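The values are calculated or read from the model by the stated rules, or taken from the named source; none is laboratory data. Just so you know, these numbers come straight off a predicted model, no measurement behind them. Here the Cβ is made from the backbone with ideal geometry for all residues, glycine too, and neighbour counts use every protein chain on show. Remember, those area values only see protein heavy atoms, side chains included, never the ligands or the DNA or RNA. Shrake-Rupley method; radii C 1.70, N 1.55, O 1.52, S 1.80 Å.
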Amino acid sequence: MAGTVVAPSQGLLPDPGATDFFYCDILDALPKDDMATMEHPLFSLSTRPDLRVLRYDHNGAEVTVTPSVKGLATLFDKDILIYCVSQLVAGLNAGRDVSRRVSLTAHDLLVATGRETSGDSYRRLREAFERLAGTRITTNVVTGGVEMTTGFGLIESWQILRHSRGGRMVMVTVVLSEWLYRAVLSKSVLTLSRDYFGLRKPLERRVYELARKHCGRQNEWRVSISVLHLKSGSNSPLRVFRQMLRQMISADHLPDYHLAEEPGDMLLVTRRGIVLEAGEGPALKVSTLEKARVLMPGADVHALAQDWRAVWARTGRQPLRAPDAAFLGWVKKRLTATDES
């Protein structure tokens, strides 16, 4: 069960009441991604061990990504960071104390990111932690007219806390980099579609990230294929990259966004239907969110509210005389549907 904690007296898991770590136990947290890693190519798009040193230089931003002997962290490895960021943001929204030392249940992580919970999945999860800890980022940051070059890992460390009898990890702790943790505290994050984890091709995920980052509230975003090729971090020749984009355009299954090729070797990204940002839609009272939390203990009520607002937008954005009552009624229906299933 999500959020189950083994008693601290067993000496296996940390005390959930401690303040030096954050325990991931929030159900239905909205997927959140930090804007810096969405903007710059820090992850390999390869599904095989990638031992290249990645270098990116665009508009004054310089990034060098150095692999360990295990290879570069991949875009699928990034799921771990997205999960941690999502949980931390949901915790902040709920008024909880957070920390860059995060404790998570491996099973919950796999389920939340759309993965199987087989023994092989646990093995691949361990390999992902190793690549994330080993990959080093060096980048320049300009503040007050002074350029500072800094280096850091995607995560500082990780540790398996317990194995079951079958050899599977039950819980791990992850220490996030200060760089990523600052992004969480400053809310420099964007909400991803829940369908993001269903994208099985690395380039699809990367193009979605860039579309989400650059299109945002706009109805459309135009970018040259050559610039998109650079920002994606793809190692494919430009002609091959262009062909892969055309396949994506033909398939037309990116969440939230529609792609189209335009004259001049340009790509047009347009919003598909409704993409609600945080704060859009009917306002709800704090007391209403607390009532929803009582109805669905452990749920991310802010995620529930955002889902409800999306339904409201899709069904015509009709004025609501009693939005708080409408929201709580929707939560009760959702709870009933879950119980019946």
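Data for the structure
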| item | result |
| --- | --- |
| Residues of the stretch 284-326 that turn out to be more than 30 Å from Tyr23 (Cβ to Cβ) and outside any helix (DSSP H, G or I), as a count | 8 |
| Candidate set from the stretch 14-60 (those that are within 15 Å of Leu210 (Cα to Cα) and among the charged types (D, E, K, R)); member that is modelled with the lowest pLDDT | Glu39 |
| Verdict on Val227 being open to solvent by 10 Å² or more (accessible area, probe 1.4 Å), among the β-branched types (Val, Ile, Thr) and within 20 Å of Glu39 (Cβ to Cβ) | yes |
| Residue within the stretch 287-307 that is modelled with pLDDT of 90 or more and open to solvent by less than 40 Å² (accessible area, probe 1.4 Å) present | yes |
| Matching residues in the stretch 230-255 - criterion: being under 23 Å from the mean Cα position of the chain (by Cα) and open to solvent by less than 40 Å² (accessible area, probe 1.4 Å) | Lys231, Ser232, Gly233, Ser234, Leu245, Met248, Leu254, Pro255 |
| Residue list for the stretch 60-83, filter: assigned to a loop (DSSP other than H, G, I, E, B) and closer than 28 Å to Ala106 by Cβ | Pro67, Val69, Lys70, Leu72, Ala73, Leu75, Phe76, Asp77 |
| Check on Glu204, in contact (Cβ under 8 Å) with a residue 12 or more places away in the chain, buried (at least 20 other Cβ atoms within 10 Å of the Cβ) and touching a strand residue (DSSP E or B) at 6+ places or on another chain (Cβ under 8 Å) | no |
| Criterion (among the β-branched types (Val, Ile, Thr), over 22 Å from Leu185 (Cβ atoms) and at pLDDT below 85) met by exactly one of Val111, Val146 | Val146 |
| Index of the failed condition, Glu178 passing every other in (1) surrounded by fewer than 20 Cβ atoms within 10 Å (Cβ to Cβ); (2) free of Cβ contacts under 8 Å to residues at least 60 places away in the same chain | (2) |
| Residue identified as outside any loop (DSSP other than H, G, I, E, B), out of contact with any helix residue (DSSP H, G or I) (no Cβ under 6 Å at 6 or more places or on another chain) and surrounded by fewer than 22 Cβ atoms within 10 Å (Cβ to Cβ) among Asp57, Asp97 | Asp57 |
| Hits in the stretch 72-94 - residues which are of a type in the set (Gly, Ala, Ser) and surrounded by fewer than 22 Cβ atoms within 10 Å (Cβ to Cβ) | Ala94 |
| Which numbered condition Glu280 misses (of (1) of a type outside the set (S, T, N, Q); (2) part of a helix (DSSP H, G or I); (3) open to solvent by 40 Å² or more (accessible area, probe 1.4 Å)) | (2) |
